[in-house]
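Below is one structure, written out as structure tokens; the observations come after it.
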Amino acid sequence: MAKILLTGGAGYIGSHTYLALVEAGFDVVILDNFSNAKLDVPNRLQNIVGDSVTVVNGDVLDRGVLDALFADHKIDGVVHFAALKAVGESVEKPLDYMHTNVGGLLNLLAAMDAAGVRRIVFSSSATVYGDTDVQPIPEDHPRTYTSPYAFTKIAGEQILEQLTDDWAVGILRYFNPVGAHKSAMIGEDPSDIPNNLVPYIAKVATGDLEQLGVFGDDYETPDGTGVRDYIHVEDLADGHVLSLKSLIETGNSHTVNLGTGEGSSVLDMVRSYSKACGRELPYQIKPRRDGDVAVLTARPEKAKVELGFEATRSLADMCRSSWAWVSGQIRNDRD
Ligand code: UD1
């Protein structure tokens, strides 16, 4: 059974990928510094899989931690999530983003190289395409950055592209991941007021926030609100399993979009979430948010051809699973 190091494995996408990897038969070691994950996530994972979870509490910037980890475990490949991910914050703290996202990747690659581990799946983002009218976006679209966060993702991809042929690299460009695990025991859990649409709607649904502000209804889209390619986080997690399997089986590198290819508007999401939670969620039209584009959708075919990946879960599944997770959290808090 192949053994995988999962950096950032207690985070939102990382924890769902942990479950998908275990389900696929991989042995997984999590490395996380819990800077943006709750300490009880490993316990929750343990309850779901019914087996012990191996977690190292440490930082990808700490070479000593990495060397000890590779010495203690015979790792066959790495899935690298550990990074900072807030676009707005990256504008305020560009050096922090460069240090953690680019420095962390370099540190990890050096430790992997020293240990002779040369397979890595890298968390990239549709943010590398910048602001473009080409929709849906193919992978060969030029990269450009509109924030320090996006810069770090492009830099990460470019660093990985310089590696020698004995490396196998999977670069996965996520569109908009939403939803939660079917167990409703893990999900997205932002501690501040959320910036992203679905976590914000979820807090309106629970009554923690009064109403959603819809950022613009005058875009050139069917209902005037922004259109995105939302992908269920469990589909995204499955994409990582397929990426890793492909690296192990073929030794070839790949760069693919992980999206559905379908666009949904802000109002589509409000309707679908309202249905999931059983009441009409209030919203108010607000001005456009700076830096937002009208439409962002993936061309999903390359991931299908190269990895056999296809998203199967619907917008309704995304909203139902999100609601099951956040409403369960409210019950826990009351107990
Ligand atoms: C954002 C990030 C992107 C990241 C993605 C993760 C920015 C500029 N981009 O994308 O790098 O990969 O999250 O999911 O931050 N909206 C509202 N009201 C809200 C929040 C959002 O109307 O309170 C609208 C937005 O205008 C947009 C859509 O909902 O049309 C989606 O927004 P959001 O969830 O923030 O994602 P993105 O901006 O697409």
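Tabulated data for the structure shown
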{"quantity": "Looking only at region 36-65, and only at residues there that are among the small types (Gly, Ala, Ser) and over 15 Å from residue 17 (Cβ atoms), the one that is most open to solvent (accessible area, probe 1.4 Å)", "calculated": "52"}
{"quantity": "Residue under evaluation residue 152, criteria (1) within 26 Å of residue 285 (Cβ to Cβ); (2) in contact (Cβ under 8 Å) with a residue 60 or more places away in the chain; (3) assigned to a helix (DSSP H, G or I), criterion not met", "calculated": "(1)"}
{"quantity": "Region 140-153, residues that are within 16 Å of the ligand (Cβ to nearest atom) and surrounded by fewer than 20 Cβ atoms within 10 Å (Cβ to Cβ)", "calculated": "141, 143, 144, 145, 146, 147"}
{"quantity": "Residue that is open to solvent by less than 20 Å² (accessible area, probe 1.4 Å) and either more than 16 Å from the ligand (Cβ to nearest atom) or polar (S, T, N, Q) (or both), where the choices are 260, 297, 250, 312", "calculated": "297"}
{"quantity": "Looking only at region 195-223, and only at residues there that are part of a loop (DSSP other than H, G, I, E, B) and within 11 Å of the ligand (Cβ to nearest atom), the one that is most open to solvent (accessible area, probe 1.4 Å)", "calculated": "195"}
{"quantity": "Scope region 91-106; condition more than 11 Å from residue 155 (Cα to Cα), open to solvent by 80 Å² or more (accessible area, probe 1.4 Å) and either part of a helix (DSSP H, G or I) or touching a residue at least 60 places away in the same chain (Cβ under 8 Å) (or both); matching residues", "calculated": "91, 92, 95, 99"}
{"quantity": "Residue that is nearest to residue 61 (Cα to Cα) [pool: residues in region 107-116 that are without any contact (Cβ under 8 Å) to a residue 60 or more places away in the chain and surrounded by 15 or more Cβ atoms within 10 Å (Cβ to Cβ)]", "calculated": "107"}
{"quantity": "Residues of region 263-294 that turn out to be more than 8 Å from the ligand (Cβ to nearest atom), outside any loop (DSSP other than H, G, I, E, B) and among the charged types (D, E, K, R), as a count", "calculated": "3"}
{"quantity": "Considering residues of region 156-194 that are free of Cβ contacts under 8 Å to residues at least 40 places away in the same chain and in a loop (DSSP other than H, G, I, E, B) only, the residue nearest to the ligand (Cβ to nearest atom)", "calculated": "194"}
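The values are calculated or read from the model by the stated rules, or taken from the named source; none is laboratory data. Remember, predicted model here, so these are calculated numbers, not experimental data. Heads up, the Cβs are rebuilt from the backbone with ideal geometry, glycines too, and the neighbour counts pull from every protein chain shown. With ligands, DNA and RNA removed, areas are computed over all heavy atoms of the protein, side chains included. Shrake-Rupley method; radii C 1.70, N 1.55, O 1.52, S 1.80 Å.
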